[in-house]
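Everything on this sheet refers to the single structure shown next.
The values are calculated or read from the model by the stated rules, or taken from the named source; none is laboratory data. These figures come from a predicted structure and were not determined experimentally. Please note: Cβ atoms are built from the backbone with ideal geometry, for glycine as well, and neighbour counts cover all protein chains shown. Just so you know, the surface numbers come from the protein's heavy atoms only, side chains and all, with ligands and any DNA or RNA stripped out. Shrake-Rupley method; radii C 1.70, N 1.55, O 1.52, S 1.80 Å.
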Amino acid sequence: RCGLFEMRKIGDEYFAFFEECEDPKACTILLRGGSKDVLNEIERNLSDAMQVVRNVVYNPKLLPGGGATEMAVAMGLRRAGLKVEGVQQGPFQSVGEAMEVIPRTLAQNCGVSVIRTVTELRAKHAAFYDKAESKTDGEDMGPCNWGIDGKTGKLVDMEELGIWEPFSVKVQTIKTAVESACMILRIDDIVSGSKKK
């Protein structure tokens, strides 16, 4: 049941509007644009935004954006690599370095000094990591949310800035990257194996 039914003319067409419904099961979003290209772009953007909302509703976990998550993972991998001896350190260090691509790209897109900004971000995360390891009273410090502001290129606490990314998207991105690297390594082995014959 709807509280208000109304016919409205928008542009050259008439549309039926059912408003103030009790327990509605569906809704319609009416999009308008100056041209078909603009309208298609608006539709794509709306679809992307709705998919982000869907991901957060199904898995309501968020991670800090601005490269903060990637830098924290990179720092954790580097520290874990130091505890391993020999050749086995290589993958830890390489994946840790690869995770820094996102902060590096953000800094580059902002037009700031990439080396200085990424080094400062790495230092903030390392200091936080050291502080967390030295704590003995069992108090939880929470995550290190420092990342790069995409507009200014400055280091900012992402929680204060309000930049968050869906957990499920971040996990899927990392899984896809690792699977792609493994596939390339397997193909490289096959190619190098065939050259020896």
Note the angle between two axes, namely the Cα long axis of helix 68-82 and the longest principal axis of the Cα atoms of the chain, as a number of degrees from 0 to 90, rounded to the nearest 10. 20
Hey, can you rank 16-26, 122-132 by average C-beta count inside 10 Å, highest first? 122-132, 16-26
Rounded to one decimal in nm, the spacing of the 7 Å Cα→Cβ label points at ASN45 and ARG1 is 4.0
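Hey, what's segment 1-109 come to in accessible area per residue, 1.4 Å probe, Å²? Walk me through the intermediate numbers first.
Values: 8070 Å² over 109 residues.
Dividing the accessible area of segment 1-109 by its residue count gives 74 Å².
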Using a basic spin-label model with each label point 7 Å from the Cα along Cα→Cβ, how many nm lie between THR105 and SER35? 2.9
Long-range HN-HN contacts of GLY67 with modeled amide H, under 5 Å: ILE148
What is the ratio of the Cα radius of gyration of segment 43-156 to 2.2 N^0.38 Å, where N is its residue count, to two decimals? 1.24
Show which aspartates and glutamates lie in cross-link reach of LYS151 when reach means a straight Cα distance below 18 angstrom and same-chain residues fewer than eight apart are skipped. GLU120, GLU159, GLU160, GLU165
Could you work out how far the C-alpha centroid of segment 148-186 sits from that of segment 36-55, in angstrom? 21
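Viscosity 1.567 mPa s, temperature 4 °C: Stokes-Einstein D of segment 1-79 from its Kirkwood Cα radius, in µm² per second? Write out the running numbers ahead of the final one.
Details: Rh = 17.0 Å.
This corresponds to a translational diffusion coefficient of 76 µm²/s.
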Shape box of the chain [Cα atoms, principal axes, largest first, Å]: 74, 60, 36
I'd like the orientation of helix 114-134 relative to the chain: the angle between its Cα long axis and the longest Cα principal axis, in ° from 0 to 90, rounded to 10. 80
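Could you sort out which of LYS154/LYS175; LYS25/LYS175; LYS61/LYS83 sit more than 32 Å apart by Cα distance in this structure? Can you show the working numbers first?
Numbers: LYS154/LYS175 29 Å; LYS25/LYS175 35 Å; LYS61/LYS83 30 Å.
Long pairs (Cα-Cα over 32 Å): LYS25/LYS175.
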If you average the sequence gap of Cα pairs under 8 Å that are 6 or more apart and divide by the length of the chain, what percent do you get for the contact order? 21
Working from Cα positions, state the angle (0 to 90°, nearest 10) between the long axis of helix 167-196 and the longest principal axis of the chain. 50
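Roughly speaking, to the nearest percent, how much of the chain's 1.4 Å accessible area is carbon and sulfur? The partial results should precede the final answer.
Details: 8220 of 14450 Å².
Carbon and sulfur atoms account for 57 percent of the accessible area of the chain.
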